[in-house]
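Peer 1: Pasting in a structure now, in structure tokens, and then I'll have a few things to ask.
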Amino acid sequence: MGSEKPIVDDFNNQEEDKLGTGLSILSFCIPLAGAIIYFSNKSEKHGKAEKACHLALWGMLVGFILNIIGYLIEAAG
């Protein structure tokens with residue numbers, strides 16, 4: 001009786017744990033912002049932190065590939 005958990009609205013908790021569209025775009029375009037979002041949310045909102053981290057890593061990878069393509073185009077021309 002004393003060990004009963006309070007009723008928590010799981011839907012609201014899931015909504016808070018999602019990374020919004022604006023922050024998703026920011027994390028992808030500016031990976032440093034994604035890292036900051038990750039470290040500021042990793043202890044409380046794991047889903048939000050994980051999504052920001054993945055988008056930041058993808059953003060770095062896409063930026064790296066675009067830099068290589070740009071370098072190859074410049075070297076060829």
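None of the figures in this text is laboratory data; all of them are computed from the coordinates on show. All values reported here derive from a predicted model rather than from experimental measurement. For neighbour counting, all protein chains shown are included, and Cβ atoms are generated from backbone atoms with ideal geometry for every residue, glycine included.
Peer 1: Give me the net charge of PHE28's neighbourhood, meaning all other residues with Cβ under 15 Å from the Cβ of PHE28; Lys, Arg count +1, Asp, Glu -1.
Peer 2: Working: positive: LYS48, LYS51; negative: GLU50.
Within the 15 Å Cβ shell, the charges total +1.
Peer 1: Using R₀ = 35 Å, calculate the FRET efficiency as 1/(1 + (r/R₀)^6) where r is the Cβ-Cβ separation of LYS18 and LEU61; round to 0.05.
Peer 2: Numbers: r = 23 Å, r/R0 = 0.65.
Given R0 = 35 Å and the Cβ-Cβ separation, E is 0.95.
Peer 1: Compute the length gained on full extension between ILE69 and LEU32: take 0.36 nm times their separation in residues and subtract their Cα-Cα distance, giving the result in nm to one decimal.
Peer 2: On the way: separation 37, 0.36 × 37 = 13.32 nm, distance 2.25 nm.
The span from ILE69 to LEU32 would gain 11.1 nm if fully extended.
Peer 1: Another question about this same structure. How large is the convex hull of the Cα atoms of the range 16-76 per residue, expressed in Å³ as a whole number?
Peer 2: Working: hull volume 3.7 nm³, N = 61.
Each residue corresponds to 60 Å³ of Cα convex hull volume.
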